[in-house]
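What follows is a short report on a single structure.
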Amino acid sequence: MNKNVVDLDDQMLADFRDEANDIINSIDVHLQNARGKSDPVHLTAIQREVFNLRYKGKSVAAPLINLTSHRLADYVTTCKELNEGSIEDIQAFVDKIQSLLEGDMTAGGTDTAEFVRELPSKRAPDIDPNWLKKANVEALLVIPQRSMATILERELAACGYRSSVTQTSFEAIELAVRTRPDFIIVAKTIDELSGVDLANALQAMPKTRAIPTAVLTSDAPNHPSLQDLPCRTAIIRKGNAFGEDLAEALARFNIT
């Protein structure tokens, strides 16, 4: 490889390390302020900093930091307030990112699937996050609509399952490969790739072929738009059939 390219990559990584450290320090300050006084402005500031970190991380080869910042962004997006539990969870994310910034950011030899399962679970009302961690069943939701994703997450949390959300099909492929979830639920309509396209892509790759996948749709199972689904793909219909279809899919996947 051209030495100038290597030098540029190293410089970009060094610049990212400096910028990420500044962001993490800022989040740390907001967390400390939130411990002293509960104020929505602290949560808003943390959310802004986390998404800034995610944006900057996409330009460099720092997979563990990017996975952690994705989980942290997913967490703070659904976080309603900075109470004692959420502050401790966000602090755990911050500490993990800080330790990565101080070490090897390229994640050589690290089992990324095991790594992400050690991160804090999103908190759902009346559900103990320690229970979700103990169950150790992980779902990846590829749902562009945040409201629909929240409904699905709540249903899965009630079963003791952890979940992470992405709104894009291309990020879903990366997350499926790196995090190896126990099952994946994709919306029929996503972006440039539909849920049918994504299900076929996951089915075609040896690394993701064995991961059970379901498509969330408003259409009937025999609708022409679903005819190209891989035969092992489950269908979860929105509306009155939602709960029954979800339970049937989980049973079919042998998710207990």
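The values are calculated or read from the model by the stated rules, or taken from the named source; none is laboratory data. This structure is a prediction, so every number in the text was calculated from the model and none was measured. Note that each Cβ is placed from the backbone with ideal geometry, even for glycine, and that neighbours are counted across all protein chains shown. Please note that ligands, DNA and RNA were not included when accessible areas were found on the heavy atoms of the full protein model with its side chains. Shrake-Rupley method; radii C 1.70, N 1.55, O 1.52, S 1.80 Å.
Here are the numbers:
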quantity: Per-region count, region 11-42, residues among the acidic types (D, E) and more than 19 Å from S86 (Cβ to Cβ); calculated: 4
quantity: Leading residue by the ranking (least open to solvent (accessible area, probe 1.4 Å)) among those in region 194-212 that are within 20 Å of R252 (Cα to Cα) and in a loop (DSSP other than H, G, I, E, B); calculated: T208
quantity: Count - residues of region 218-232 that are closer than 20 Å to P144 by Cα and open to solvent by 20 Å² or more (accessible area, probe 1.4 Å); calculated: 4
quantity: Residue that is modelled with the lowest pLDDT [pool: residues in region 61-86 that are of a type in the set (V, I, T) and surrounded by 20 or more Cβ atoms within 10 Å (Cβ to Cβ)]; calculated: I65
quantity: Residues of region 1-60 satisfying the condition of being of a type in the set (S, T, Y) and within 26 Å of the chain's Cα centre (by Cα); calculated: S26, T44, Y55, S59
quantity: Any chance A201 is assigned by the TED database to the domain that holds Y161 and either under 22 Å from R71 (Cβ atoms) or in contact (Cβ under 8 Å) with a residue 24 or more places away in the chain (or both); calculated: yes
quantity: Close pairs from region 182-193: first assigned to a strand (DSSP E or B), partner open to solvent by less than 20 Å² (accessible area, probe 1.4 Å) and not hydrophobic (A, V, I, L, M, F, W, C), Cβ under 8 Å, at least 6 apart; calculated: F183/T213; I184/T213; I185/T213; V186/S169; V186/G195; V186/T213; A187/G195; A187/T217
quantity: Yes/no for V215 being open to solvent by less than 20 Å² (accessible area, probe 1.4 Å) and either under 26 Å from T78 (Cβ atoms) or of a type in the set (S, T, Y) (or both); calculated: yes
quantity: Failed condition for E174, given (1) over 19 Å from the mean Cα position of the chain (by Cα); (2) not in a strand (DSSP E or B); calculated: (1)
quantity: Extreme residue, surrounded by the fewest Cβ atoms within 10 Å (Cβ to Cβ), among residues of region 165-189 that are within 24 Å of D219 (Cβ to Cβ) and among the aliphatic types (A, V, I, L, M); calculated: I173
quantity: Subset of region 178-192 [of a type in the set (A, V, I, L, M, F, W, C) and over 12 Å from A139 (Cβ atoms)]; calculated: A187, I190
quantity: Tally of residues being in a loop (DSSP other than H, G, I, E, B) and of a type in the set (S, T, Y) across region 217-256; calculated: 3
quantity: First in region 63-83 and free of Cβ contacts under 8 Å to residues at least 24 places away in the same chain, second anywhere and hydroxyl-bearing (S, T, Y) and surrounded by 20 or more Cβ atoms within 10 Å (Cβ to Cβ), Cβ under 9 Å, 6 or more apart; calculated: K80/S86
